[in-house]
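Enquirer: Below you will find the structure I want to go over with you.
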Amino acid sequence: MTRKRRRLYFVIVGMLALGTSVGLVLNAISSDIVFFYSPTQLLTKHIPLGERFRIGGLVQRGTLVKDGKTVTFRVTDHTNSVPVTYTGILPDLFREGQGVVAEGRMEPDGVFHATEILAKHDQKYMPPQVVEELKKHGEWKGG
Amino acid sequence: MHRFANPARFLRIANAVYPWLVAATFLLMAAGLWFALFDSPPDYQQGDSVRIMYIHVPSAWMGMFCYTAMAVFSAMALIWKHPLADLLARATAPIGAGFTFVCLVSGSLWGKPMWGAYWVWDARLTSMLILFFLYLGYMALANAFDDPIRGQKAAAILAVAGFVNIPIIKFSVDWWHTLHQPSSFSLFAAKHSDIAPSMLLPLGLMALACQTYYFMVLILRARAEIASAKIRTIRMAQVHAAGGGE
């Protein structure tokens, strides 16, 4: 085996070993890497009352109530949903049917008290006219 | 492939394609910016903020492309000891770091009005920031030794090992819940792209412009590196001759 060949194998084996170990570590700490939990994950997570975390999903249609600067709504993943209350300034994209991430605590009243609301944008980009066309033909599935 | 490892042959080819790259970069950038800023529709949700995407997404792609190129050049340098491979890796690093920086800043400026935050520590943003630090670490390490050969070897090992971050960036939005949206492009879905054709045009032009810009600047930087290597060799020879004369 020439030295070049040996160095080639060394780099390949080294990268495989490094890749595998990083993969295993990331897999092990996967639940700490997620930015938020979905309402369904919340049921099995058993996060203690008063601990700060984030939940994410869609703002359930028909549940958004505004009262001054306070809003209440439900975050849903189409399987389960969680009631949320928040007082403060909302991002522009926030509305019913839109993706949302809320940071705060679960309180004893069973309501998630958010201290920060972030709007989640999806991967779709299109001009308003296209959306109007899609809505007209009943092919629109988004918010 | 090894035929191109000769610096003289590389310079001959590079000098021939360089004017074409300059012309292509200029034309593609002008057309891309025209469509991106003036002749494309606003988005139904984001309004005119969507135009940030036309610089953000190409620079993110280029940040990852340049790192991949740097890792491949570094591996070639480690395995086959081609001096030209080391030189190209070193020339690529600042370009990639620049693209990654533009990606981070433009994304941050988009994030405030859309998400409601300049920065969040989700998997996509964090792994992209790590990419930026890898570039900085590579450049620092390559210049940290008095003997450039030693610094180059250490930096090459860092570049190759850091390549594990590239698939993490790409798949972070699929593997974990992130605030960052998933990719708009899919090879396997029936619909390959979630971006309207009128917006795909400026994005494609800008992506191509950034790509030719990279090769253009790479040639400029490689020329300078080859010239400075020549100067170093001449100086060494002079020092040797002076030392031998005593």
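The values are calculated or read from the model by the stated rules, or taken from the named source; none is laboratory data. These figures come from a predicted structure and were not determined experimentally. Neighbour counts run over all protein chains shown; Cβ positions are idealised from the backbone, glycine included. Calculation scope for accessible area: heavy atoms of the full protein, side chains included, ligands and nucleic acids excluded. Shrake-Rupley method; radii C 1.70, N 1.55, O 1.52, S 1.80 Å.
Enquirer: So for the range B:120-246, what percent of the C-alpha to C-alpha distances run longer than 23 Å? If you can, show how the numbers build up before the last one.
Expert: Numbers: 4712 of 8001 pairs.
Summing the P(r) tail past 23 Å for the range B:120-246 gives 59 percent.
Enquirer: Okay, next question. About its Cα centre, how strong a charge dipole does the protein assembly as shown have in debye, to the nearest 20, once Lys and Arg get +1 and Asp and Glu get -1 at the Cβ?
Expert: Details: 36 positive and 25 negative charges, 357 e Å.
Taking the Cα centre of the protein assembly as shown as origin, the dipole is about 1720 debye.
Enquirer: Evaluate the distance, in nm, between pseudo-label points positioned 7 Å from the Cα of A:Leu64 and of B:Ser198 along their respective Cα→Cβ axes.
Expert: 2.5 nm
Enquirer: Same structure, new question: Which percent of the accessible heavy-atom area of the range B:1-153 goes to carbon and sulfur, probe 1.4 angstrom? Show your work: numbers first, answer last.
Expert: Details: 5260 of 7130 Å².
The computed percentage sits at 74.
Enquirer: Step through the residues of the range B:31-47 one at a time and calculate ³J(HN,Hα) from phi using the Karplus curve (6.51 cos²θ - 1.76 cosθ + 1.60, θ = phi - 60°), rounding each to whole Hz and writing x for Gly and Pro.
Expert: These are the phi-based 3J(HN,Hα) values: 5, x, 5, 4, 5, 5, 9, 10, 10, 8, x, x, 7, 5, 10, 8, x Hz.
Enquirer: Given a Förster distance of 22 Å, report the FRET efficiency between B:Leu11 and B:Lys81 from their Cβ-Cβ distance, rounded to the nearest 0.05. Show your work: numbers first, answer last.
Expert: On the way: r = 20 Å, r/R0 = 0.89.
Efficiency for this residue pair is about 0.65.
Enquirer: Counting protein heavy atoms only and a 1.4 angstrom probe, how many square angstrom of accessible surface do chains A and B bury in total, to the nearest 100? Kindly include the intermediate steps, with their values, before the conclusion.
Expert: Working: alone 10230 and 13940 Å², together 20740 Å².
Buried area (both sides, nearest 100 Å²): 3400 Å².
Enquirer: Sticking with this one: How many Å² of accessible area per residue for the protein assembly as shown, probe 1.4 Å? Intermediate values should be presented prior to the final figure.
Expert: Working: 20740 Å² over 389 residues.
Ligands and nucleic acids excluded, the figure is 53 Å² per residue.
Enquirer: At a 1.4 Å probe radius, carbon and sulfur cover how many percent of the accessible area of chain A?
Expert: Details: 4830 of 8530 Å².
Summing carbon and sulfur atoms, their accessible area is 57 percent of the total for chain A.
Enquirer: Also: In degrees from 0 to 90, rounded to the nearest 10, what is the angle of the helix B:148-161 Cα long axis to the longest principal axis of chain B?
Expert: 30 degrees
Enquirer: Going by a 1.4 Å probe on protein heavy atoms, which residues of the range B:41-60 end up with at least 20 Å² less accessible surface in the whole assembly than in their chain alone?
Expert: Listed by number, the residues meeting the 20 Å² cut-off are B:Pro41, B:Pro42, B:Asp43, B:Tyr44, B:Gln45, B:Gln46, B:Met53.
Enquirer: Compare the Cα positions of A:Thr87, A:Ala102, A:Val59 along the charge dipole of the range A:34-120 (+1 at Cβ of Lys, Arg; -1 at Cβ of Asp, Glu; about the Cα centre) and return the one farthest towards the positive end.
Expert: Looking along the dipole axis, the top candidate is A:Val59.
Enquirer: Going by alpha carbons, how many degrees (0 to 90, nearest 10) lie between the helix axis of A:3-28 and the longest principal axis of chain A?
Expert: Computed tilt is about 30 degrees.
Enquirer: Across peptide A:18-29, how many C-beta atoms of other chains are within 10 Å of each residue C-beta, on average? The partial results should precede the final answer.
Expert: Values: counts 5, 4, 1, 1, 5, 3, 0, 0, 6, 1, 0, 0.
So the per-residue partner count for this stretch is 2.
Enquirer: Another one. Using just the Cα positions, wrap the protein assembly as shown in a convex hull and report its mean projected area in square nanometres, one decimal place.
Expert: Numbers: hull surface 103.7 nm².
The orientation-averaged projected area of the Cα hull of the protein assembly as shown comes to 25.9 nm².
Enquirer: Moving to a separate point now. Tell me the carbon and sulfur percent of the accessible area for the range B:166-240, rounded to whole percent, probe radius 1.4 Å.
Expert: On the way: 3040 of 4220 Å².
Roughly 72 percent of what the probe reaches on the range B:166-240 is carbon or sulfur.
Enquirer: Using the alpha-carbon centroid of each, what span in Å lies between the range A:1-40 and the range B:56-97?
Expert: Between the Cα centres of the range A:1-40 and the range B:56-97 lies a distance of 20 Å.
Enquirer: Just the ratio, please: alpha-carbon radius of gyration of chain B over 2.2 N^0.38 Å, N its number of residues. Write down the numbers at each step before the final one.
Expert: Working: Rg = 20.8 Å, N = 246, 2.2 N^0.38 = 17.8 Å.
Cα Rg divided by the expected 2.2 N^0.38 Å: 1.17.
Enquirer: Here is a follow-up. Grab the DSSP H runs of chain A that are 4 residues or longer, score each as -39,500 (n - 2.57), total them, divide by all residues and round the 222 nm result to the nearest 500 deg cm²/dmol. Write out the running numbers ahead of the final one.
Expert: Working: 4 runs with 46 residues, N = 143.
Value at 222 nm, helices only, nearest 500: -10000 deg cm²/dmol.
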